[in-house]
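Report on one structure; see the data block that follows.
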Amino acid sequence: MPFDSERKLMSTIHQLPDGRYLVATKGAPDQLLKRTTQLAVGGEVHEMNAADEATILRENTGMAKQALRVLGAAYKYLDTLPDSVNSDTIEQDLIFAGLVGMIDPERPEAAKAVADAKAAGIRPLIITGDHQDTAEAIAGRLGIIAPGDDAAVITGAELDKQSDEEFEKNVDKYSVYARVAPEHKVRIVNAWQKRGKVVAMTGDGVNDAPALKAADIGIGMGITGTEVSKGASDMVLADDNFSTIVIAVEEGRKVFSNIQKAIQYLLSANLGEVLTLFMMTMLGWDLLAPVHILWINLVTDTFPAIALGVEPTEPGIMKQKPRGRKSNFFTGGVGQAVIWQGILEGLLTLGVYFIAITWPIHTTNAAIHADALTMAYATLG
């Protein structure tokens, strides 16, 4: 019987040489204890009492607080298989065998990546099916929550007690979601989206597909991810490394910033040229020849724009707040800068041109007049 995120157990059935059947079950200790009636200690089996159950739960909590993933193991013998093999007929009246603690260590660079993400205005959250204490311990080690901050942790069972409206109001209180089911992940994504946030969701299993699809940016795992999760994702991490997401955010911000710079430069420069030619026409001044205009566009539009497009990342770009849903290339003062810079460039060019054609009138040297006109064309360029 395969693992199920609802019951959080899995079982296998093995036929023994004597003809009986061994049912071996493993899964979440708190869920497993609900289905056990006996306890195996020192090779002997006796009825489980409240003290035994309290001891098991205490040991489970102790290992979980060490950031260990804890599995409970239980078994029972059957003389014959039931007509219907399901959880109700197989995973009941079990004999508790013990606990197994396993470490699934975070990558060495994970804590720094979380810190960089938080500095960039990105709030990392943990959504897991693990025990609450395990999730809380890992979140504390990564810096997602302060160690021992119980208020920032919520379980799937507690989440079920809140309505969608209530959870939407409280969603910013929680940074860790433990013992969650697939539908909880979708609720979490939807709640943050209703708060106007851009949500990125990572996942690798079939059960993660609905949340990956619902998120603004679904991120699948290239190594451990299932084909279903990859298909539901907008992008796939080739190395399954969270720090790669932070690096991608930095690269995205650099590209966006460079595009903004190029747009601001090109539009302001062209606006200045348009205003210059328009005012020269209105004032009846000598216009530039077509070759002059082509030369100006070639020099001012091509190479500087290329240079802006490949500019390296500016220091402190990961200290800026996220742009938000309503941002575009003209936000952050770029639109206003295009207008006033274009007007300023046009006025400066017209001023230099005016000085160039009027100043030589006060001298009798015709050569100076010709040189000044040439200077004005060159300045305009």
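If we scan segment 100-108, do we find a residue that is under 15 Å from the mean Cα position of the chain (by Cα) and in contact (Cβ under 8 Å) with a residue 12 or more places away in the chain? Working first, answer last.
Residues of segment 100-108 that are under 15 Å from the mean Cα position of the chain (by Cα), as a first pass: none.
For segment 100-108, residues under 15 Å from the mean Cα position of the chain (by Cα) and in contact (Cβ under 8 Å) with a residue 12 or more places away in the chain: absent.
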| query | Which condition does A152 not pass, out of (1) of a type in the set (G, A, S); (2) over 16 Å from the mean Cα position of the chain (by Cα); (3) under 14 Å from L125 (Cβ atoms); (4) crowded, with 20+ Cβ neighbours inside 10 Å, if it passes all the others? | reply | (4)
| said: Residues that are among the β-branched types (V, I, T) and touching a helix residue (DSSP H, G or I) at 6+ places or on another chain (Cβ under 7 Å): does segment 34-47 have at least one? | reply: no
| task | Taking only segment 55-65 into account, find how many residues are over 12 Å from D30 (Cβ atoms) and of a type in the set (G, A, S). | result | 1
| field | Among (1) crowded, with 20+ Cβ neighbours inside 10 Å; (2) in contact with a strand residue (DSSP E or B) (Cβ under 7 Å, 6 or more places away or on another chain) - the single one D133 does not satisfy | value | (2)
| Can P315 be described as free of Cβ contacts under 8 Å to residues at least 12 places away in the same chain, more than 22 Å from S268 (Cα to Cα) and of a type outside the set (V, I, T)? | yes
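Go through the residues of segment 236-250 one by one and say whether even a single one is part of a strand (DSSP E or B) and touching a residue at least 24 places away in the same chain (Cβ under 8 Å). Write out each step before concluding.
As a first pass, look at segment 236-250 and keep what is part of a strand (DSSP E or B): 236-237.
Filter once more, keeping what is touching a residue at least 24 places away in the same chain (Cβ under 8 Å): 237.
Checking segment 236-250: at least one residue is part of a strand (DSSP E or B) and touching a residue at least 24 places away in the same chain (Cβ under 8 Å).
This table checks each residue for (1) under 30 Å from G143 (Cα atoms); (2) of a type in the set (S, T, N, Q).
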position	(1), (2)
E59	yes, no
A64	yes, no
L68	yes, no
D83	no, no
S87	no, yes
I95	no, no
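Would you check if I154 is outside any loop (DSSP other than H, G, I, E, B), among the β-branched types (V, I, T) and modelled with pLDDT of 90 or more?
Numbers: outside any loop (DSSP other than H, G, I, E, B): yes; among the β-branched types (V, I, T): yes; modelled with pLDDT of 90 or more: yes.
Criteria met by I154.
Within segment 282-338, restricting attention to residues that are in a helix (DSSP H, G or I) and among the hydroxyl-bearing types (S, T, Y), which residue is surrounded by the fewest Cβ atoms within 10 Å (Cβ to Cβ)?
T302
Is segment 34-54 home to any residue that is under 39 Å from the mean Cα position of the chain (by Cα), under 19 Å from A181 (Cβ atoms) and in contact (Cβ under 8 Å) with a residue 12 or more places away in the chain?
So far as segment 34-54 goes, yes, one or more of its residues are under 39 Å from the mean Cα position of the chain (by Cα), under 19 Å from A181 (Cβ atoms) and in contact (Cβ under 8 Å) with a residue 12 or more places away in the chain.
The values are calculated or read from the model by the stated rules, or taken from the named source; none is laboratory data. Keep in mind it's a predicted model, so treat the numbers as computed, not measured. So basically every Cβ, Gly included, is an ideal-geometry build from the backbone, and we count neighbours across all protein chains shown.
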